[in-house]
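Read through the structure below, which is laid out as C-alpha cells, and then see the notes.
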Amino acid sequence: MGSLRDILDNLGEIAYVCDLETYEMLYASKALEQVVGDDWKGKPCYRVVQDEQGPCDFCTNHLLGRDAFYSWTKYNDAYDRSYALKDKIVDWNGRPARLEIAFDMTDHRDQLLGLETQLSVQRTLVRCAQTLSRDVSGQNGLDELLSVVGEFYDADRAYLLESSLNGTMISNTFEWCADGVEPQIDELQEVPLSSFERWTDSFAQTGVVRIADLEQLDHDSEEYQMLAPQGIKSLFVMPLYEGGGIIRGMLGIDNPRRNIDQAELLRSVTYFVQNELEKRQLLDRLGELSHADGLTGVANRNGYMERLAGLADSRPA
C-alpha cells in the first residue's frame, strides 16, 4: 500500500495536512494549489485556505478523531465556493496532524438554488392566479395580488398605474406598502404620460424599466425629481398593453431587495393584471347596461326605479 501522500496525490481532490497545534501547512494537493497557489509552505492553514489572520472560529480540530472522518459543509468567503468537507487526525512524518479533504459542491449548490427559485416563482404565480380567481367582484383581487408580488421581491411598494381614456395622463390606482413605508398613491394622480417618456422608450426597446441606483440618474432630470421624494432608491416596472400596442398602464415595485433577477415573475403577473382590468371594465359595462338602454343610453326600468328610490330617500321628512 502506498503512503498517505501517494494516496492523496492520486486522489485528485482538494486536500491538505496541517499541524494540529501550530496550524502550519505540511501538505497541499495539486488541486488545492490550483485554487490557492503554490506559495503555501510554512504558512498556517487559516491564512492559506480561509484568508484569515488567526485561527478560524469554526475550526473543527476539537471534533476530530483517528477512527472516522468528521463530515461538514462550509461556504468559503475567500474563494466564493461551497465545499463538502471530511476531516480526521492522521500521522504525518511521525506526528499527529489534521487532514482535510474538500469536495467542491458549488455547481450543485447553484443548481439547487436555481431550482428552489424556480419553484418559488411558480408557487407565487399560482398564488396570484388563485387570488384573482377568488375575487368575483373585482374589488379586492388586485390589492391582494400586489401584496403577493411585493412580498416576493421584499419591496417597499408594489403598485399599478393606469392610463386615462385619452392616453395622456396616468394615475396610481392600486398600491401595496410594506410595514412602515409611507404610501405614495395620493402623490401620483393625473401625472402627464409625457413625464414617463424615457420609460416608454425603454419599454419599446427592452420591455422593462429597471433602475438599479436612482443616484446614478441626473439629479436635475424630471424623472429623478419625481422619484427621489418618494424614497425610491431602485425600481422595476413592466408595461401593461392593450390592443394595438397602446400602453394601458404599468406594474411596478420600489426598492426590491430579493429575487431582483426574476423579471419573469413580474412579466407573467402583468398578463394577470391585464385580464383583471379587462374583467373590471366588462363588469362596469354590464352595470351600465343594467340601468340604461345599450343602444340609446336612455335609462331603462331598472334605472328609472333606482332614480325614484333615490328621490324618495332625499325627500325631507
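What is the sum of charges, Lys and Arg at +1 and Asp and Glu at -1, for the other residues whose Cβ falls under 12 Å from the Cβ of E197? Intermediate results must be reported in sequence, preceding the final value.
Numbers: positive: R198; negative: D201, E222, E223.
Around E197, the charge tally is -2.
Put a plus charge on the Cβ of each Lys and Arg, a minus charge on the Cβ of each Asp and Glu, and nothing anywhere else: the dipole of the range 147-196 about its Cα centre is then about 240 debye.
Largest first, the residues M238, M105 sort by 1.4 Å accessible area into M105, M238.
Estimated at the nearest 10 Å², the accessible area of W199 is 10 Å² with a 1.4 Å probe.
Once you list every other residue whose beta carbon is under 13 Å from the beta carbon of L217, what net charge do they have if Lys and Arg are +1 and Asp and Glu are -1? Combined, the nearby Lys, Arg, Asp and Glu give -3.
Rolling a 1.4 Å probe over the protein chains gives W176 an accessible area of about 40 Å².
Order R81, R123, most accessible first, counting only protein heavy atoms with a 1.4 angstrom probe.
R123, R81
Rank these residues by their accessible area, most exposed first, probe 1.4 Å: D261, D51, D87, D154. The partial results should precede the final answer.
Working: D261 115, D51 85, D87 0, D154 65 Å².
Descending order: D261, D51, D154, D87.
One Cα centroid belongs to the range 1-38, the other to the range 181-229; the line between them spans 56 Å.
Taking Cβ atoms as reference points and 12 Å as the exclusive limit, the residues near K88 contribute a net charge of -1, counting Lys and Arg as +1 and Asp and Glu as -1. Remark: relative contact order (the range 195-269) = 25 percent; criterion is Cα-Cα distance under 8 angstrom and separation of 6 or more residues. Of the accessible area of the range 153-248, computed with a 1.4 Å probe over protein heavy atoms only, carbon and sulfur atoms account for 49 percent.
Using the Cβ-Cβ distance between Q34 and Q130 with R0 set to 51 Å, the FRET efficiency works out to roughly 0.50. Under the simplified labelling scheme, the D220-I89 pair shows an inter-label distance of 7.3 nm, with each label point 7 Å from Cα along Cα→Cβ. Once the dipole of the range 212-280 is set up with Lys and Arg at +1 and Asp and Glu at -1 on Cβ about the Cα centre, which of I246, G231, L214 lies farthest towards its positive end? Of the candidates, I246 comes out farthest on the positive side.
Straight-line reach from K88: which lysines have a Cα under 24 Å away, not including same-chain ones fewer than 8 places off? Cα-Cα hits under 24 Å: K30, K41, K43, K74. Estimated at the nearest 10 Å², the accessible area of E197 is 110 Å² with a 1.4 Å probe. Shape verdict for the range 123-207, please, from the Cα gyration tensor: rounded (a/c under 1.5), prolate (a/b greater than b/c) or oblate. Prolate is the answer for the range 123-207, as a/c is 1.5 or above and a/b outweighs b/c.
The values are calculated or read from the model by the stated rules, or taken from the named source; none is laboratory data. What you see is a predicted model; the values in this text were computed from it and never measured. Methodologically, a virtual Cβ is constructed for each residue, glycine included, from the backbone with ideal geometry; neighbour enumeration extends over all protein chains shown. For the accessible areas, the whole protein counts, side chains as well, though only heavy atoms, and no ligand, DNA or RNA atoms are used. Shrake-Rupley method; radii C 1.70, N 1.55, O 1.52, S 1.80 Å.
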